[in-house]
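Shown next, in structure tokens, is the structure this report addresses.
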Amino acid sequence: GLGFNIVGGTDQQYIANDSSIYVSRIKKDGAAYLDGRLQEGDKILAINGKDLKDLRHKDAVELFRNAGYYVSLKIQRRLQPQNGPVGHQGDGESGGLPLAAILVPGLALAVTAVWILLRYRQRM
């Protein structure tokens, strides 16, 4: 298989008032996991150019099963988790360095520079 599970469809809405198809689970060491681009919670808009809008769940599953060896997915990444699976992003941590990691060394450098300047002026 493709290495992931899906949820949703017109008959099994995953999110209220939304019949879209979503990735519910990425199987470890499966094709999607090894590729690394698909994430849990992604909305799948199309597979191999076939729009997934207004499909029953079993019809969507059948499209995935018959997708062939080369598969093209059009997805929409969910920015904020809703009532569904939560991937590895959105755990409350922001990327980059904390502000203190920049300010503390910067402040220490500034204090050192002022101290050197004052010492240099005293010698003149």
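Just a few scattered comments:
- One residue stands out in region 31-57 among those that are open to solvent by 40 Å² or more (accessible area, probe 1.4 Å) and acidic (Asp, Glu): the one that is nearest to Gly8 (Cα to Cα), namely Asp54.
- Top-ranked residue in region 17-30 [being open to solvent by 50 Å² or more (accessible area, probe 1.4 Å) and modelled with pLDDT of 90 or more; ranked as farthest from Lys53 (Cα to Cα)]: Lys28
The values are calculated or read from the model by the stated rules, or taken from the named source; none is laboratory data. In this text the structure is predicted, and so the values were computed from the model without any measurement. Please note that ligands, DNA and RNA were not included when accessible areas were found on the heavy atoms of the full protein model with its side chains. Shrake-Rupley method; radii C 1.70, N 1.55, O 1.52, S 1.80 Å.
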